[in-house]
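Remarks on the structure that follows.
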Amino acid sequence: MATVVQSSREVSKMADKGANLSEEEQTFLKEIREEREHLSREIQELRVQIADIDNELSALEEVKNEDEKQERFIQQKWKTGRARFNAKPKDGIKYLIEEGLLKETSDAIAEFLHKEDMLNMIAVGEYLGENHELNIEVLKKLVGLHKLEGLSLVQALREFLSSFHLPGEGQKIDRIMEHFAQGYCASNPTIFSNSDTCYVLAYAVIMLNTSLHNPSVKNKPTLESFIAMNRGIDNGNNLPADLLTAFFDDIRKEQFKIPGMGNLAETFFNPEKEGWLTKEGGKYKTKHRRWFILKDNILYYFKQPSDSELTGSIPLDNLSVRDVSEVGHS
């Protein structure tokens with residue numbers, strides 16, 4: 001670059017001399033001018049290249065921002081889906097399927113229930129206990145996701161029941177325990193003669209857990225009463241006494257860790273807004289005063305602020321709000 005600057009100065013001096021240049025000087029001046037034009041073209045090309053690079057960087061930055069925006073948008077939809085599931089499981093699953101986040105297959109839904117740690121365990125239990133074809137298939141697949149091979153029945157129950165809260169309705173518990181027993185026997189084919197025996201014993205173990213560890217139960221079952229209760233359940237035969245004794249001792253020493261309210265309580269603990277609103281019924285157009293909580297773009301409502309049982313929920317996606325006076329004029 002110093003050579004170019006020096007040559008430019010020499011060109012200026014030669015230009016000042018006018019036409020009084022020797023042939024050698026004129027040739028040198030011509031070469032300098034050509035070199036300057038060449039450098040100017042290169043500088044211009046470099047400017048174009050720099051501009052192209054700037055444009056590419058800007059485009060990449062825009063793509064990155066769009067990707068981040070899309071990712072945040074998807075995460076918000078997942079959050080909404082989980083909140084809907086925790087309020088009403090069927091609606092949550094339907095929302096996630098419609099939004100393309102979850103496939104409408106028993107495998108995909110079972111994986112979601114098994115791996116998603118932000119779900120309310122009571123809601124999971126309610127969904128698994130429903131007597132619909134898809135729910136039952138999901139239950140079967142969920143049993144299969146637990147590694148039950150080589151576990152005792154009590155160990156397997158501890159593993160299985162740690163992933164959801166058993167529903168309170170007897171028929172739902174029956175369905176869940178029936179398919180658990182089938183899955184356990186498939187993984188451990190030599191322990192029981194059939195899955196019915198496993199089902200009856202599993203149900204008895206759950207009842208034993210409740211009776212031994214519920215403070216309101218005054219007359220605690222004994223080992224003898226537990227063995228007597230399970231007499232003849234194996235196709236009319238008795239199960240080995242040492243097996244039943246081991247189960248009884250295991251439950252007596254440590255109760256099942258049953259999941260509780262989980263994230264449903266967290267949903268309602270820190271709402272964005274809360275207060276009384278008047279709600280019109282769906283089937284019957286009567287109006288009722290309800291306590292509403294707004295969280296994650298969903299309105300949850302209760303009969304009273306102190307209620308722990310949710311009355312219903314209203315998703316607010318793709319909805320607009322108008323003043324009552326505007327509605328009256330429309």
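Observations, loosely collected:
- Inter-residue pairs, beta-carbon under 6 Å, first farther than 18 Å from GLN70 by Cα and charged (D, E, K, R) and in segment 96-114, second in a helix (DSSP H, G or I) and open to solvent by 20 Å² or more (accessible area, probe 1.4 Å), 6+ apart: GLU104/ILE97; ASP107/LYS141
- Each residue in segment 201-249 was checked for being open to solvent by 40 Å² or more (accessible area, probe 1.4 Å) and under 34 Å from the mean Cα position of the chain (by Cα), and 5 of them qualify.
- Look at segment 153-180: where a residue is at pLDDT 90 or above and a partner is surrounded by 20 or more Cβ atoms within 10 Å (Cβ to Cβ) and of a type in the set (Ser, Thr, Tyr), sitting 6+ places away or on another chain with Cβ atoms under 6 Å, you get ALA156/TYR184; MET177/TYR199; GLU178/TYR199.
- Selection from segment 247-292 of residues that are modelled with pLDDT of 80 or more and closer than 23 Å to HIS165 by Cβ: PHE247, ASP250, ILE251, ARG252, LYS253, GLU254, GLN255, PHE256
- When residues of segment 85-112 are limited to those that are in contact with a Ser or Thr (Cβ under 8 Å, 6 or more places away or on another chain) and open to solvent by less than 40 Å² (accessible area, probe 1.4 Å), the one modelled with the highest pLDDT: TYR95
- Any chance SER195 is of a type in the set (Ser, Thr, Tyr) and buried (at least 16 other Cβ atoms within 10 Å of the Cβ): yes
- Residue match in segment 307-315 (condition: open to solvent by 60 Å² or more (accessible area, probe 1.4 Å), under 29 Å from LEU166 (Cβ atoms) and modelled with pLDDT of 70 or more): yes
- Test: VAL154 is within 25 Å of PRO189 (Cα to Cα), surrounded by 15 or more Cβ atoms within 10 Å (Cβ to Cβ) and more than 18 Å from the chain's Cα centre (by Cα): yes
- Criterion violated by PRO167 - all others in (1) open to solvent by 10 Å² or more (accessible area, probe 1.4 Å); (2) outside any helix (DSSP H, G or I) satisfied: (1)
- Lone unmet requirement of (1) touching a helix residue (DSSP H, G or I) at 6+ places or on another chain (Cβ under 6 Å); (2) at pLDDT below 95 for GLY183: (2)
The values are calculated or read from the model by the stated rules, or taken from the named source; none is laboratory data. All of these numbers come straight from a predicted model, not from anything done at the bench. All Cβ positions, glycine included, derive from the backbone under ideal geometry; neighbour counts span all protein chains shown. Each accessible area value is taken on the protein alone, full model and side chains, heavy atoms only, with ligands, DNA and RNA left out. Shrake-Rupley method; radii C 1.70, N 1.55, O 1.52, S 1.80 Å.
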